[in-house]
1. Just name the residue that is farthest from the ligand (Cβ to nearest atom) out of those in the range 29-84 that are more than 28 Å from residue 19 (Cα to Cα) and of a type in the set (Phe, Trp, Tyr).
2. With the checklist (1) under 20 Å from residue 126 (Cβ atoms); (2) over 14 Å from the mean Cα position of the chain (by Cα) in hand, flag the one item residue 98 doesn't pass.
3. Looking for something assigned to a helix (DSSP H, G or I) and either within 20 Å of residue 10 (Cα to Cα) or assigned by TED's automatic domain parsing to the domain that holds residue 30 (or both) - is there at least one such residue anywhere in the range 97-113?
4. All but one of (1) in a loop (DSSP other than H, G, I, E, B); (2) in contact with an Asp or Glu (Cβ under 7 Å, 6 or more places away or on another chain); (3) away from the ligand (no atom under 16 Å from the Cβ); (4) of a type outside the set (D, E, K, R) hold for residue 9; state the number of the condition that does not hold.
5. Evaluate the range 37-49: report whether one residue or more is within 22 Å of the chain's Cα centre (by Cα), surrounded by 12 or more Cβ atoms within 10 Å (Cβ to Cβ) and touching a residue at least 40 places away in the same chain (Cβ under 8 Å).
6. Looking for whichever is touching a residue at least 60 places away in the same chain (Cβ under 8 Å) and more than 15 Å from the chain's Cα centre (by Cα) here; the options are 17, 1, 8. Which one fits?
7. Considering only the range 63-76, state which residues are without any contact (Cβ under 8 Å) to a residue 40 or more places away in the chain and surrounded by fewer than 11 Cβ atoms within 10 Å (Cβ to Cβ).
Amino acid sequence: MSTYQATMPPDDTTCGMRSCSARATVRTVIPPSRFEADGVDHSQDPSTFDTCVCHWPIMRAAVLGNGHEITDTTGDIEALKADYPTWSVFRRDSGRLYAAACRGTGLGITLDAWLAGQLRAQMESFLSVAQRVSAS
Ligand SMILES: [Zn+2]
């Protein structure tokens, strides 16, 4: 078993899946292979793979299905819950992260992302806009 890291790719990175040119949203950092029985030199294997919002779930399922783990290096959902106690922050079985909040008179917002850092950025952006709106 190996641990893969999920992180944010640099801006303007495209999905590495064949024939997909969508903007990548998740970069997978692949641990070095110690597999030698195939006689192939794995030292030149790519160490990262970028996927778009559609292809990350497929990549994620393949990694987990092969018995490996994935660590989100952009943040931690428990830290988000602690930092935003009035929000409902949760992870679905698919790995998708959600943050939901009620704002005053029954107005609600739900944000979602694949990485904790992306969800936090969306929450901060929403709160900063909401603050400007309520101050005007
Ligand atoms: Zn893609």
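The values are calculated or read from the model by the stated rules, or taken from the named source; none is laboratory data. Computed from a predicted model, the values in this text were never measured in an experiment. Cβ sites come from the backbone with ideal geometry, for glycine too, and all protein chains shown count toward neighbours.
1. Among those that are more than 28 Å from residue 19 (Cα to Cα) and of a type in the set (Phe, Trp, Tyr), it is 84.
2. (2)
3. no
4. Residue 9 satisfies every listed condition except (3).
5. Within the range 37-49, the subset within 22 Å of the chain's Cα centre (by Cα) is 46-49.
If we keep only those that are surrounded by 12 or more Cβ atoms within 10 Å (Cβ to Cβ) as well, we get 48-49.
Subset that is touching a residue at least 40 places away in the same chain (Cβ under 8 Å): none.
Checked the range 37-49: no residue is within 22 Å of the chain's Cα centre (by Cα), surrounded by 12 or more Cβ atoms within 10 Å (Cβ to Cβ) and touching a residue at least 40 places away in the same chain (Cβ under 8 Å).
6. 1
7. If the condition is that a residue be without any contact (Cβ under 8 Å) to a residue 40 or more places away in the chain and surrounded by fewer than 11 Cβ atoms within 10 Å (Cβ to Cβ), then 65, 66 are the ones that fit.
Okay, residues lined up against (1) at pLDDT 90 or above; (2) out of contact with any His (no Cβ under 9 Å at 6 or more places or on another chain); (3) not aromatic (Phe, Trp, Tyr):
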| site | (1), (2), (3) |
| --- | --- |
| 12 | yes, yes, yes |
| 16 | yes, no, yes |
| 29 | yes, yes, yes |
| 35 | no, no, no |
| 57 | yes, yes, yes |
